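The values are calculated or read from the model by the stated rules, or taken from the named source; none is laboratory data. What you see is a predicted model; the values in this text were computed from it and never measured. Backbone-built Cβ (ideal geometry, glycine too); neighbour counts: all protein chains shown. Each accessible area value is taken on the protein alone, full model and side chains, heavy atoms only, with ligands, DNA and RNA left out. Shrake-Rupley method; radii C 1.70, N 1.55, O 1.52, S 1.80 Å.
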Amino acid sequence: MYRIFSAPEAATVYIAKQALENHGIESIVQNDGLQQAAGDLAPINAWAELWILDESRLTEASAVLRDAFENRGEDENSLGAWQCESCGEKLPPSFDVCWKCGDNRPEPITGTIS
Ligand SMILES: [Zn+2]
């Protein structure tokens with residue numbers, strides 16, 4: 001087993017898990033906060049973690065995650081541009097709300113790919 005990804009939000013780790021599953025890579029989530037309270041652990045220890053079962057697919061799994069997260073919501077010509085999750089409208093970086101449907105800009109995804 002190898003820890004491929006960690007993030008402060010368990011939901012982010014489950015997005016990563018789904019991305020790996022789409023490529024046929026088995027993984028498990030640990031420390032997602034559902035079984036235990038963070039208690040007095042240091043913040044990094046409370047991060048949810050994604051572990052892959054087959055270490056021989058590590059390189060492939062890293063590439064999948066980089067593709068899933070680092071390219072998310074960014075227009076190649078306009079760094080920081082974003083796409084509305086509700087209506088699909090493309091918006092410039094200076095906008096925090098969709099001009100078409102009024103939905104809020106999605107939070108940037110944070111996490112660490114091992
Ligand atoms: Zn919209």
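Quick one: order LEU53, LEU20 from most to least accessible surface, probe 1.4 Å. Present the calculation step by step, with values, prior to reporting the outcome.
Working: LEU53 75, LEU20 0 Å².
Reading off the accessible areas and sorting them downward yields LEU53, LEU20.
Stretched out straight at 0.36 nm per residue, the stretch from SER94 to ASP32 would grow longer than its current Cα-Cα span by 19.0 nm.
For the pair THR112 and ALA81, label points projected 7 Å from Cα toward Cβ lie 3.3 nm apart.
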